[in-house]
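Q: First, the structure itself, so that you have it in front of you.
The values are calculated or read from the model by the stated rules, or taken from the named source; none is laboratory data. Computed from a predicted model, the values in this text were never measured in an experiment. Cβ placement follows ideal geometry from the backbone for every residue including glycine, while neighbour counts extend to all protein chains displayed. Note: areas computed on protein heavy atoms with side chains; ligands, DNA, RNA excluded. Shrake-Rupley method; radii C 1.70, N 1.55, O 1.52, S 1.80 Å.
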Amino acid sequence: MPHDWLWETVRLLLYLVGLIGFAAFNAAYLSLLERKEPAWFQLRRGPTEAGPLGLLQPVADGIKLLGKQLLVQGGADVLLFKIAPVAVVIPSIMCLVLIPFSETMGARDISLGLLAVYSFAAINVLATMLGGWASHNKYSSIAAARVVAQNIAYEIPLLLVIIALVMVTHTFDLREIVAQQAGGFWNWNVLRFGASPLMPLAFLIYFICMLAEANRAPFDMVEAESELIAGAFTEYSGMGFGLFFIAEYVNVVVGSSIGAVLFLGGWHCPFGLLPGLHWFLIKLYLLCFAVIWVRWTFPRTQIYGLLNLSWKVLIPLALAHLIVTAVTVKLV
Amino acid sequence: MKSDLRSYLKEIIGGSISLLTGMWITLRQSFRKPVTVSYPYRTLKLPERFRGHIELKADEQGWAKCVVCMACQKACPSFCIKVNGYKPAGMPRKVATIYILDFTTCSLCGLCVESCRFDALMFSREYNLASFRKEDYVMDMLERLRRRRICRP
Ligand code: SF4
Ligand code: SF4
């Protein structure tokens, strides 16, 4: 059929446009939630002036950022400096392409989807590091060094947890992983005690590592305002900063989506009724809520505390989980 | 060795519990009513003893009670009061013709009010004083008094 590839191309392009829209929408409204949620926690009101209940605040923020001049300071590596914000957004959006939103939705399924997501996530680290390094600013350089140390430290427990999960599911295909969790919340991977009694712990480790990988507080060492002004983003103005900002929230969305897919049964209903996109979105936004909740509850850790947590706590626990899983998989 | 492992695990579990307690507290807070007063639309009642900048008092006829004794001008540590006046014929006392407060340097210490033995000064209850122009803060107290009298019902 000659029209097959044409239709496929159009479908992919439409998905791409939709996903970019989805990413931008999420970045905008998560940033609003990021201001509303601490307001609730701290008995304040948050933004109320722009639009009803402050719902147009992200639009105002966006216009403000667009209206600002893009400055490149002397001594910066101009090419890298300009590439970095773009290179930080693109992999986040590419991750979205691989996510199965529902039984019938999802731009592209590849059999190594899980692996692909984490390869793209690594580009993100590289781009942040480039941005910090190209800024030719001491604070940015420190942040660039930190982002590498932090992401290497947290990628290990993250991948250990995922290896253990893949040993249980026997597949890297995200759609297949979700399909295996059909039937009710007792079939979700987070409660799959038959595979390993440590599964809830694995989910917790995943969540913590996701926070660190997305550079979210209390692990936002890259942007630690109190010590590094804005870390790797210090020298960026206008939409250059805006892109880093968008990338941060898209990363949260990607991390939460993968968390929902791997551990919380993706598009499946907790009681086996009416599976669909809405369940996926509910889980996604509950996780996003939790990410912001954590941010506004705990103070920022020190870089030492951050690395200690990973090397001394998370990695041993993840290894224990891996061994327990291996033994149960072998025995059962 | 064994006790090392035990304290290690104890630290992890204790830490996790304290983190969860923290999250429970923030979550509980979010269901309470916000304490913010949406200021331009709603204001709090001023406390009884609120001290704004100074203001002249008027007597029954509506004249400023000030007798130009200069005590306030001398008492002011920031030199921000300028008073002048004359004695009109038929008046038992002097009458102020100039009373300027330079609010840019006033420290709101209240020494002027305390030093006035003729009960001619008081604190205003004005606090919406933002302005873009410095000149707005050099206030003519007699002018303000006049305006207050006109506004009075
Ligand atoms: S309050 Fe203090 S500083 Fe202000 S005018 Fe009176 S004496 Fe001067
Ligand atoms: S001390 Fe009282 S009476 Fe004397 S000049 Fe000042 S305001 Fe007037």
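Q: For segment B:54-147, just the Cα atoms, rotate onto the principal axes and tell me the three extents in Å, largest first.
A: Here the spans come out as 44, 27, 20 Å, largest first.
Q: At R0 = 51 Å, how high is the FRET efficiency between residue A:5 and residue A:327 if r is their beta carbon distance? Nearest 0.05 is fine.
A: So, using R0 = 51 Å, E works out to roughly 0.60.
Q: Oh, and also: State whether segment A:7-128 is rounded, prolate or oblate according to the following rule on the C-alpha gyration tensor (a ≥ b ≥ c being the square roots of its eigenvalues): a/c under 1.5 gives rounded; otherwise a/b larger than b/c gives prolate, and the remaining case gives oblate.
A: Oblate shape, in that a/c is at least 1.5 and b/c is the bigger or equal ratio.
Q: Could you sort A:255-266, A:150-161, A:175-186, A:45-56 so that the peptide with the highest average Cβ count within 10 Å comes first and the rest follow in order?
A: A:255-266, A:150-161, A:175-186, A:45-56
Q: Give the average, rounded to an integer, of partner chain Cβ atoms located within 10 angstrom of each Cβ in A:259-265.
A: Mean shielding by partner chains, rounded to a whole number: 0.
Q: Suppose we compare each residue of segment A:294-311 in its chain alone and in the full protein complex with a 1.4 Å probe; which ones drop by at least 40 Å² of accessible area?
A: At a threshold of 40 Å² (probe 1.4 Å), the residues of segment A:294-311 that become less exposed are A:297, A:298.
Q: How are the alpha carbon pair distances in segment A:184-332 distributed across 5 Å bins from zero to the largest one, expressed in percent?
A: For segment A:184-332, the binned pair fractions read 2, 9, 15, 17, 18, 15, 11, 7, 4, 2, 0, 0 percent.
Q: From other protein chains only, count the Cβ atoms within 10 Å of every residue's Cβ in A:281-293, then give the mean.
A: 0
Q: Rounded, prolate or oblate: pick one for segment B:110-153, where a ≥ b ≥ c are the square roots of the eigenvalues of its C-alpha gyration tensor, a/c under 1.5 means rounded, and failing that, prolate if a/b is larger than b/c, else oblate.
A: Since a/c reaches 1.5 but b/c is at least a/b, the shape of segment B:110-153 is classed as oblate.
Q: Indicate the helices, whole DSSP H runs only, in chain A that combine a mean Kyte-Doolittle hydropathy of -0.5 or more with a Cα extent along their long axis of 15 angstrom or more.
A: A:3-41, A:78-97, A:113-134, A:138-169, A:199-213, A:238-262, A:277-295, A:315-331
Q: So with the 1.4 Å probe, I'd like the accessible area per residue for chain B, rounded to whole Å².
A: Using a 1.4 Å probe on heavy atoms only, each residue of chain B averages 74 Å².
Q: Right, something else. Restricting things to Cα coordinates, could you compute the convex hull volume per residue of chain A in Å³?
A: Hull volume over Cα atoms, normalised by residue count, gives 156 Å³.
Q: In peptide B:27-39, how many Cβ atoms from other protein chains are near each Cβ within 10 Å, on average?
A: The mean count of partner-chain Cβ atoms within 10 Å per residue comes to 4.
Q: Using label points projected 7 Å from each Cα along Cα→Cβ, tell me how many nm separate residue B:102 and residue A:111, to one decimal.
A: Roughly 8.6 nm, to one decimal.
Q: Quick one: order B:5, A:277 from most to least accessible surface, probe 1.4 Å.
A: Heavy-atom accessible area, descending, gives B:5, A:277.
Q: Let me ask you something else. Accessible area lost on pairing B with A, both sides, 1.4 Å probe, Å² to nearest 100?
A: Summing both sides, the interface buries roughly 1500 Å².
Q: Quickly rank A:73-82, A:140-149, B:38-47 as a protection proxy: mean count of other C-beta atoms within 10 Å, highest first.
A: Per-residue mean Cβ counts within 10 Å order the peptides as A:140-149, A:73-82, B:38-47.
Q: Given labels modelled 7 Å from the Cα in the Cβ direction, how far is it in nm from residue B:12 to residue A:145?
A: 3.0 nm
Q: Please identify which residues in segment A:296-328 have an amide N closer than 16 Å to a label point set 7 Å out from the Cα of residue B:4, following the Cα→Cβ vector.
A: A:312-313, A:316
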